[in-house]
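In what follows, a single structure is set out as structure tokens and then discussed.
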Amino acid sequence: MICPYCNTNNKPGSNFCMGCGSKLEQSAPVEPVAEESIQEPVGTEQEVPAQSTDSDGFVDAYIPPAPGPVLYSPPPADTPQTVPQQVGPQQGEFVSAPSQASFGPGQAVPPGFQQAPPPPIYQAPPKKKSNALWIILGVVGGLLILCVILYFAVIRPIINRTKDIIEGEMPNVMETIISESVEETPEVLPTEAEVPLPTEPAGGSLIGSDTVWEGFPATAEEITAENAYRMEQGMRFGDGYSLAISYSPDGKYLAVATSIGVDIMDPNSGQKVKRLLDDEPVYDLIFAPNGDLLASTYDGIYHFTADSFESISMFAENAINYEMTLSSDGSILASDYYDVALIFKKTGQTYTYSHEIIDGEDYYVIGISPDGTKLASGNSDGELKIWDVDSGNLLKTINAHTDYINQLAWSPDSSLIATASDDDSLAIYNISSGEKVFSNSFDSTNGTAVVFSADGTKLIANGDYSEIAVWDINAGSLLKAFTWGDTYFTNLELNTANTSIFARNDYGQLILWDYETNQQTELAVNYIDAYYSLAISPDGSQYFYLDNNDLSMMIGENGEVVWSRVDERFDQMLAPAFSKDGTMLLGGTYHGYFNFLKANNGTELDYFDAHDDWIRDIAISPDESKIATASDDETVKVWDFNTFELLFTLEGHTDYVRTVAFSPDGQYIASGGDDETVRIWDANTGASLHVLEGHENWVFAVAFTPDGSMLGSTGSDDFVLFWDPVTGNQIRKIKTSVSTKYSLEYTKDGKAFWAQDGREVKLYDIEDGTVLVTLSGHTGNIVRVKMSADGTTLVSAGYDGTIRVWRVK
């Protein structure tokens, strides 16, 4: 379930967010902030573009007792259901409405289109408006509007006409698909992943790594406020987050739409064979009957040839098509454009716009009939509506469900429609009569995915929880079931030969089964959408992370896998850090253990039991004599680095402690947490020196400036606060444009600080809050930022499923 604070797509089994650790049952409203003493960032920021550059043991299927589906009539109300029950936590409501889409102001509008609101981009929380100088502000605002109109009406069309179709830069809108449109409800996290994941030995292959310091000097330059404008992305690794899947008609290829492009995979080997549209979010894709591939992006729909996947054309330019559906002969394409369905017809090798239907209708999912004559839509009220494709007339309304219809599928002969709904059921309806001919209810999950076999005799659908069920439509019997992972499936594909099932679950994980033997094919990808922890070695040459597939991985400077593994939950490093010489990885875990690992191979050297709850953060003293651990048990503990002796416990916080740091001289310890306070302690005695109040929400990060003269703190409000660690006085308060910041890092000269801002990392002048540099490249919100101790390398991790490494070029 989606975290309301950081948008992490959490697993069932815990009451806490795995991305930010938030208590999912609580809300954290941010009160309006008075403008007094706030320094607004001023000045002109420099945009630094990222370089566009190019990586499940199985459980045997079982056949549970037939759940008693009903053929051609619904069951009596008192008929008991015999669907096999899966053991597992209760599943919350699944709501994933398509996000709004639009043409931007001044952009070319195809014939028949309507001008829509601006595209959904990341929006910071509203700020208080000044009550003064309305006339001046009005004049300035008018001039700005004229400039914007000039840009969109004249300049942008020129840029769009000249930019490369495949490698074009695009606005970032991923959260509008992944999270912003999802009605959020708390979800429980599992105790342990059952998902087999790839493990690479030392010196393993590159993992989705693209540019490897191409054009960068051999010796990294220290990052300062003066040279940061020269920073560029030197490397990107990670496979991104999967959004949609499609099987080619001949069964030769699997296509995966991701947050950073399209992956073409070989279903026999599970290997990735090609990447298309690199670093562009792709919302949906579909193979045409002739093997051509259509892929939908923010800029439009790309058309690629079969087998070679060469670009043919791009159409529906500037329209966001979140869902596409094709007739069986590939001649008619319908796409979801916000609250309008766009109809395109194929002429020769290209698709051209024909007309729009369902204008203004509230729908949630669409599907065109194989014969191309009808379009079905399902809405949030459970209504199934059938429309005539040519005229756009509404032909029939069927009250199919009592809640959202999440997915629908036509039978190959266009006579039946299968639906999956949030009312915990599946159904099949005869379109001519409107009669329900099949139904099945779940005990612990929603209906999320349905597809017919190519011959129309079977229905493949999600089952209870992590199950896929195959039904004989005529007999109404359950033929077989596949079980994998620990969450429900949202996309299913069956090849035309009915020999393989390709599935995607709610975490974006993929699995491929042989239909007859239940044999699984491991896919050589690791699609994720969140990183739970991140660490960088002192010299910037190694990077450690823990992702939401429970995979711990150490990456080398050139993107190679140094080591990786799936640990038990009590061994997973939620709070990692390197030793001063980079030879050890130290970290606090979910179960309160503190581990010591060899950085070069992951071998455990030692451990000790530090807390009875999660360890959120750790800090190592400058002389490496002490370790400080911050925990959900509301304490900070200070340990002897060598003997693991508890020196003292820092008590005073009244809620989770999320962050801890030593001052450069080792004399102070700072901590912050959910009680909205920052506290300063004597590192030698454990005495409380100052309780600093000023934040209006949780504190996620504290960090001393390199010279130790100031302590910075930030978290779930709009501000970065700076304090005098000696007196405890607040020195300044800098307002940023984003309300949640999980990280705070400084340039080595101490003149500026880094903080994430949506999909960008920004460098702020520490004196006046001026934005000096903006690093762009992520296609999803950034959750963590780390700077190497030598000040040469910055690393960022985002919800786009990638980690990006930045240096001065």
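So here's what we get for this one:
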quantity: Karplus-derived 3J(HN,Hα), 6.51/-1.76/1.60, for each residue of segment 647-652, Hz, glycine and proline x; calculated: 7, 6, 10, 8, 10, x
quantity: Amide H contacts under 5 Å for TYR338, placed H, 5+ residues apart; calculated: ALA101, TYR322
quantity: Segments 513-520, 755-762 sorted - mean Cβ within 10 Å per residue, highest first; calculated: 755-762, 513-520
quantity: Phi to ³J(HN,Hα) by Karplus 6.51 cos²θ - 1.76 cosθ + 1.60 over segment 344-349, Hz, x for Gly, Pro; calculated: 10, 10, 7, 10, x, 9
quantity: Cα Rg over Rh - segment 596-680, Kirkwood; calculated: 0.98
quantity: Whole-Å semi-axes of the ellipsoid equivalent to segment 455-572 (Cα gyration tensor, √5λ, descending); calculated: 38, 14, 10
quantity: Centre separation in Å (Cα based) which lies between segment 605-662 and segment 228-290; calculated: 42
quantity: Among the listed pairs LYS274/LYS374; LYS735/LYS786; LYS346/LYS458; LYS252/LYS385; LYS580/LYS809; LYS598/LYS748, those beyond 32 Å (Cα-Cα); calculated: LYS274/LYS374; LYS252/LYS385
quantity: Per-residue ³J(HN,Hα) for segment 217-228, Karplus 6.51 cos²θ - 1.76 cosθ + 1.60, θ = phi - 60°, Hz, x for Gly and Pro; calculated: x, 4, 9, 5, 8, 5, 7, 10, 5, 7, 9, 4
quantity: Cβ charges +1 (Lys, Arg) and -1 (Asp, Glu), total dipole of segment 464-568, debye; calculated: 220
quantity: Relative compactness, segment 408-487, computed as alpha-carbon Rg over 2.2 N^0.38 Å; calculated: 1.03
quantity: Amide H contacts under 5 Å for LEU650, placed H, 5+ residues apart; calculated: VAL636, LYS637, VAL638
quantity: Cα convex hull of segment 685-809 - mean projected area over all directions, nm²; calculated: 8.2
quantity: Nearest-0.05 FRET efficiency for ASN729 and ASN600, computed from C-beta distance (R0 35 Å); calculated: 0.20
quantity: Segment 262-315 - percent relative contact order, Cα under 8 Å, separation 6 or more; calculated: 21
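Just so you know, all these numbers are worked out from the coordinates, no wet-lab data involved. The shown structure was predicted, so the numbers you read here are calculated from the model rather than taken from an experiment. Don't worry about glycine lacking a Cβ; one is built from the backbone with ideal geometry, like all the others, and counts go over all protein chains shown.
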